[in-house]
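Working notes, beginning with the structure itself.
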């Protein structure tokens, strides 16, 4: 039995821990813990004031219980009390409890802050460290606000102890990360950089972490850290193994600090100052040299620490990517590690080499290790190492070794772990396409992929092979022959059937001359797979069959018989049924010429970025993409050898071959038609030609546009716009807006889904308004929901005169935002503009519905899904007058139903929102509570958005 | 940055956990169980670095005790791997041949040691004498 507790024995605690250990079952443990929690709770609640020692003991027990995985919901106060103890041991436990259990959102922060403040100002370094640790670990905004000003001062003060500086550096880092606005850069920043020169290594270690974070956000402010970091690094690297005393770890001088310094340097480009750069290169070379020297110790700790520095050095060399000599040396060093017996080193070497492969300086050097890497792919026992090997093969692939790498990856695929198969498939598909010199190799590779790992071949992969075969006529015959042979296998993957079906449907004629693959043979081969396939594949095959009728008239009778069979014509699947019916009819009634036109060979696909590449990027995240887009690797004009398949930037999606096979709808399309600019604008076009006729409502006429060039931009509604809008939710006429110049009155009437609105613009001045131009715009989706046609108004409004504008409104579907009315005019030469919300809300299209109590409750129950109901409880903003309330509800548009609600105080209403597309039934209930001056409003409609919107509109009215 | 530091035994019992990013307590239990399962399923030939969700686990096994450190991409795997050993050596020095029981019974001390070495997810001190200095003050105070 080891020392139960070193130092101050807390016997009670030791006993408790032993008890827990001796518990035979989880239940017994929980029982023991609950007993202890009850005990502690009673102690904390008891009348007797606890002394510091007991408090510490119980808090320590709670901490232990927490670490066993039980939530602790009390004891925080006692822990905070411990902070103010003078005894280090007690204070220490208090801080420990807080930094482990308290998160930055706790309400206790203010109390904790008090304790922290006292300790920070105590000038006792041990206490100060505790307080700083606490801030660094909890780091809430409130703490930041309280201490952000003090920490930089403590950090750079000349008289701060080393340990205090260390804690202050990490503390500041925490505050900066949590709330950068609280840590303004200032005079202290320059002095922080100089901490890199501090004679104490611990301080430097802490300061590097802080500076690394700060310089990422403010690279210019901290640029001086580069030369300081280089000289520090140089002193460490060139020191004898005993110089740094306790910071030497198994004969390696300050390994962790070296790693951190090297990381810091990776925030910047190579130093411009030749002297600094020379010194740095010397350091990097020293590290590389040391790796070749015999180890100073046989201990694994020595080599691990040394290699940690070495890997970071190589990272920096790769980051700079400017020293060919160093890059090649780094590559050779990693090459040695590839065969090391330590798996960790092999893993890291593969990972590191992967980034090295994308540098033009070291790409060739990396390639020399291809055999080792292939061997790793075959023999490594750890899947994550194999994964790295596959990544590296992918990264080092170019035209010279593509065939070897692709065939090795295909071989690996046969035994690869399921987890990484899809990724390997994608990689093989990309490499095969990218480095294909002859496309027969490409086709073979993809068909092999489907054969070996059909389940992992995604749509993107087989779509892509079809696109390429369609676009390249030199490979079509070969592709047809190869798929035909592949389909001979008794069991072939469904993806193979899809690819085979498509290719034979397009290019089966190219191999029809051979009696072994005559048209009837092709057809029966495909049809032998038909019944085992999914609906999507069968649909594709039906399209292949109709194409066969065009390609090979001799198969027409056989195929028509297949189409006519009950299993097709009456297929339960509508897609299959439709295809069978249409293709049968087409083949029966269309002349050969028409058939030939309709069923012509697919036109080439437009070139676009390989969708496979896009998929791989999605899988691996943006970071991986950089190693895939190897613009660097193919410098010079050789990059275009691939001809048509070099990825071209485009965002189009891959067309679905099964849908487009016939090109029926757009017979021979030269390419995919350009996409309409947006669905929204398409709808606008439709609606401007709406049956009611009249001029298009949207936008100003050309003349108006000329007068006010910015008329398309509706501007931002004035601040009162919402308030003005709410005034008109329950009424239809009144003054919509008034200022010193202009008054706008409104009068409107609505019936069903139509409305007419009169706007009266009154010029309150004695001067004529010129270029007077009111326009109505539809923000967002409103274009497709509401049509507002405006009649023209004269461009001048005389002083004191009033002009009237008529608006015809049609509600197409439910909408949330009102249209905007923008009024522009010139007054005394100065342009005026003002944007209001037009008082058209969804409730204007509300038709009251009378119904009896029974019917009401029946419908109320039918609308019981949570999303159909919207409810708001809110404070009354107006006197709770029953008559006014009733008038408002009627004005809102609903019918008021008496004798429905058992409580006569409550209001119940019903109505239907009438839009052109649909009608939405709506029930509402308003329950006033006169004592509390509150209302509860409940809306139920069949449409979630309508319920919510009506509820919001109506709640504003009371 | 170091995201968390765990000591878990082969039975899956957590002996020490320190999080440098806030994690809900119920999520901690799940994470710890999953992490130890992942580590236990690995053989000696496998490497000590595991890609886990969006970060990496670095682990070392000492007898029946696993020390697992979660890091993000800004840390050097090998440096963290050896840092774990440095931590164990400090424990060994303080407890003279540390065992799982020492850690259980002196959880507060172990926490103090770790807090001296890692602060806010950053390695802050690696010098054994300096790491142990505050603890020695504590012990001295308790004796007097």
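So, in region A:930-947, how many residues would count as being out of contact with any helix residue (DSSP H, G or I) (no Cβ under 9 Å at 6 or more places or on another chain) and either in a helix (DSSP H, G or I) or over 19 Å from residue A:897 (Cα atoms) (or both)?
The qualifying residues number 6.
Looking at B:131, B:113, which is the one that is closer than 17 Å to residue A:162 by Cβ, more than 7 Å from chain A (Cβ to nearest Cβ) and out of contact with any strand residue (DSSP E or B) (no Cβ under 8 Å at 6 or more places or on another chain)?
B:131
Table: residues versus (1) in a helix (DSSP H, G or I); (2) closer than 22 Å to residue A:155 by Cα; (3) under 35 Å from the mean Cα position of the chain (by Cα).
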position: A:190; (1), (2), (3): yes, yes, no
position: A:194; (1), (2), (3): yes, yes, no
position: A:204; (1), (2), (3): yes, yes, no
position: A:209; (1), (2), (3): yes, yes, yes
position: A:213; (1), (2), (3): yes, yes, yes
position: A:216; (1), (2), (3): yes, yes, yes
position: A:236; (1), (2), (3): yes, no, no
position: A:240; (1), (2), (3): no, no, no
position: A:261; (1), (2), (3): yes, yes, yes
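Could you say whether any residue in region A:395-405 is over 17 Å from residue A:352 (Cα atoms), outside the structural domain of residue A:449 (by the TED database) and buried (at least 21 other Cβ atoms within 10 Å of the Cβ)?
Checked region A:395-405: at least one residue is over 17 Å from residue A:352 (Cα atoms), outside the structural domain of residue A:449 (by the TED database) and buried (at least 21 other Cβ atoms within 10 Å of the Cβ).
Determine whether region B:43-64 contains at least one residue that is under 30 Å from residue A:389 (Cα atoms), assigned to a helix (DSSP H, G or I) and in contact (Cβ under 8 Å) with a residue 12 or more places away in the chain.
no
Looking only at residues in region A:290-306 that are over 22 Å from residue A:231 (Cβ atoms) and more than 14 Å from chain B (Cβ to nearest Cβ), which one is surrounded by the fewest Cβ atoms within 10 Å (Cβ to Cβ)?
Filtering region A:290-306 for residues that are over 22 Å from residue A:231 (Cβ atoms) and more than 14 Å from chain B (Cβ to nearest Cβ), the one surrounded by the fewest Cβ atoms within 10 Å (Cβ to Cβ) comes out as A:294.
Do we find a residue being closer than 30 Å to residue A:799 by Cβ and surrounded by fewer than 18 Cβ atoms within 10 Å (Cβ to Cβ) anywhere in region A:833-854?
Scanning region A:833-854, I find at least one residue that is closer than 30 Å to residue A:799 by Cβ and surrounded by fewer than 18 Cβ atoms within 10 Å (Cβ to Cβ), so the answer is yes.
Taking the conditions exactly as written (in contact (Cβ under 8 Å) with a residue 40 or more places away in the chain, part of a helix (DSSP H, G or I) and not assigned by the TED database to the domain that holds residue A:505), does residue A:377 satisfy them or not? So that I can check it myself, show each step before the final result.
Working: in contact (Cβ under 8 Å) with a residue 40 or more places away in the chain: no; part of a helix (DSSP H, G or I): yes; not assigned by the TED database to the domain that holds residue A:505: yes.
Spelling it out, it is not the case that residue A:377 is in contact (Cβ under 8 Å) with a residue 40 or more places away in the chain, part of a helix (DSSP H, G or I) and not assigned by the TED database to the domain that holds residue A:505.
Could you pull out the residue among A:287, A:281, A:309 that is away from chain B (no Cβ under 14 Å), under 41 Å from the mean Cα position of the chain (by Cα) and either more than 27 Å from residue A:267 (Cα to Cα) or assigned to a helix (DSSP H, G or I) (or both)?
When all the criteria are applied, what remains is A:281.
What number goes with the only condition from (1) more than 14 Å from every other protein chain (Cβ to nearest Cβ); (2) more than 22 Å from residue B:53 (Cα to Cα) that residue A:376 does not pass?
(1)
Does residue A:843 fit the bill of being closer than 20 Å to residue A:721 by Cα and modelled with pLDDT of 85 or more? Before the answer, list the steps.
Numbers: closer than 20 Å to residue A:721 by Cα: yes; modelled with pLDDT of 85 or more: yes.
Spelling it out, residue A:843 is indeed closer than 20 Å to residue A:721 by Cα and modelled with pLDDT of 85 or more.
Condition check ((1) surrounded by fewer than 23 Cβ atoms within 10 Å (Cβ to Cβ); (2) in contact (Cβ under 8 Å) with a residue 12 or more places away in the chain; (3) more than 7 Å from chain A (Cβ to nearest Cβ)) across all residues:
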| site | (1), (2), (3) |
| --- | --- |
| B:82 | no, no, no |
| B:85 | yes, yes, no |
| B:88 | yes, yes, yes |
| B:100 | yes, yes, yes |
| B:105 | no, no, no |
| B:121 | no, yes, yes |
| B:124 | no, no, no |
| B:136 | yes, no, yes |
| B:139 | yes, no, no |
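I need the full set of residues from region A:894-929 which are touching a strand residue (DSSP E or B) at 6+ places or on another chain (Cβ under 8 Å), outside any strand (DSSP E or B) and in contact (Cβ under 8 Å) with a residue 60 or more places away in the chain, in order please.
A:915, A:916, listed by residue number.
In region A:86-107, what residues are assigned to a helix (DSSP H, G or I) and under 41 Å from the mean Cα position of the chain (by Cα)?
Those that are assigned to a helix (DSSP H, G or I) and under 41 Å from the mean Cα position of the chain (by Cα): A:94, A:95, A:96, A:97, A:98, A:99, A:100, A:101.
Pick from B:67, B:50, B:71, B:58: which is buried (at least 19 other Cβ atoms within 10 Å of the Cβ) and more than 13 Å from every other protein chain (Cβ to nearest Cβ)?
So the residue among B:67, B:50, B:71, B:58 that is buried (at least 19 other Cβ atoms within 10 Å of the Cβ) and more than 13 Å from every other protein chain (Cβ to nearest Cβ) is B:67.
Counting residues that are farther than 29 Å from residue A:591 by Cα and touching a helix residue (DSSP H, G or I) at 6+ places or on another chain (Cβ under 9 Å), which helices (runs of 4 or more DSSP H) fully inside region A:449-568 reach at least 3?
Fully inside region A:449-568 and qualifying: A:459-471, A:473-486, A:494-507.
Taking interchain pairs and intrachain pairs at least six residues apart, which have beta carbon atoms under 6 angstrom, with the first residue in region A:758-770 and under 25 Å from residue A:809 (Cβ atoms) and not assigned by the TED database to the domain that holds residue A:796 and the second surrounded by 15 or more Cβ atoms within 10 Å (Cβ to Cβ) and at pLDDT 85 or above?
From region A:758-770, no pairs qualify.
Just one of A:511, A:549, A:503 is in the same structural domain as residue A:584 (by the TED database), crowded, with 19+ Cβ neighbours inside 10 Å and more than 30 Å from residue A:612 (Cα to Cα); which is it?
Being in the same structural domain as residue A:584 (by the TED database), crowded, with 19+ Cβ neighbours inside 10 Å and more than 30 Å from residue A:612 (Cα to Cα) holds for just one of A:511, A:549, A:503, which is A:549.
For region B:8-20, check the following and say yes or no: at least one residue is more than 9 Å from chain A (Cβ to nearest Cβ), closer than 18 Å to residue A:72 by Cβ and surrounded by fewer than 19 Cβ atoms within 10 Å (Cβ to Cβ).
no
If you scan region A:184-216, which residues turn out to be within 14 Å of chain B (Cβ to nearest Cβ), buried (at least 16 other Cβ atoms within 10 Å of the Cβ) and more than 18 Å from residue B:1 (Cβ to Cβ)?
A:195, A:198, A:200, A:201, A:202, A:203, A:204
Residue check, residue A:418 against (1) in contact with a helix residue (DSSP H, G or I) (Cβ under 6 Å, 6 or more places away or on another chain); (2) without any contact (Cβ under 8 Å) to a residue 24 or more places away in the chain, all met but one. Which one?
All conditions pass for residue A:418, except number (1).
Could you list, in sequence order, all residues of region A:139-163 that are within 12 Å of chain B (Cβ to nearest Cβ) and closer than 20 Å to residue A:214 by Cα?
So the first thing to find is which residues in region A:139-163 are within 12 Å of chain B (Cβ to nearest Cβ), and the list is A:139-140, A:161-163.
Within region A:139-163, A:139, A:140 qualify.
Of the conditions (1) touching a residue at least 40 places away in the same chain (Cβ under 8 Å); (2) closer than 26 Å to residue A:958 by Cα; (3) under 42 Å from the mean Cα position of the chain (by Cα), residue A:781 fails just one. Which one is it?
Residue A:781 satisfies every listed condition except (2).
Can you give me the number of residues within region A:42-85 that are within 11 Å of another protein chain (Cβ to nearest Cβ) and outside any helix (DSSP H, G or I)?
Qualifying residue count for the region: 6.
For (1) at pLDDT below 90; (2) out of contact with any helix residue (DSSP H, G or I) (no Cβ under 7 Å at 6 or more places or on another chain); (3) assigned to a helix (DSSP H, G or I), each residue gets a yes or a no:
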site: A:346; (1), (2), (3): no, no, yes
site: A:351; (1), (2), (3): no, no, yes
site: A:354; (1), (2), (3): no, no, yes
site: A:361; (1), (2), (3): yes, no, no
site: A:373; (1), (2), (3): no, no, yes
site: A:381; (1), (2), (3): yes, yes, no
site: A:388; (1), (2), (3): no, no, yes
site: A:391; (1), (2), (3): no, no, yes
site: A:400; (1), (2), (3): no, yes, no
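The values are calculated or read from the model by the stated rules, or taken from the named source; none is laboratory data. Given the structure is predicted, the values throughout are model-derived calculations rather than measurements. Here the Cβ is made from the backbone with ideal geometry for all residues, glycine too, and neighbour counts use every protein chain on show.
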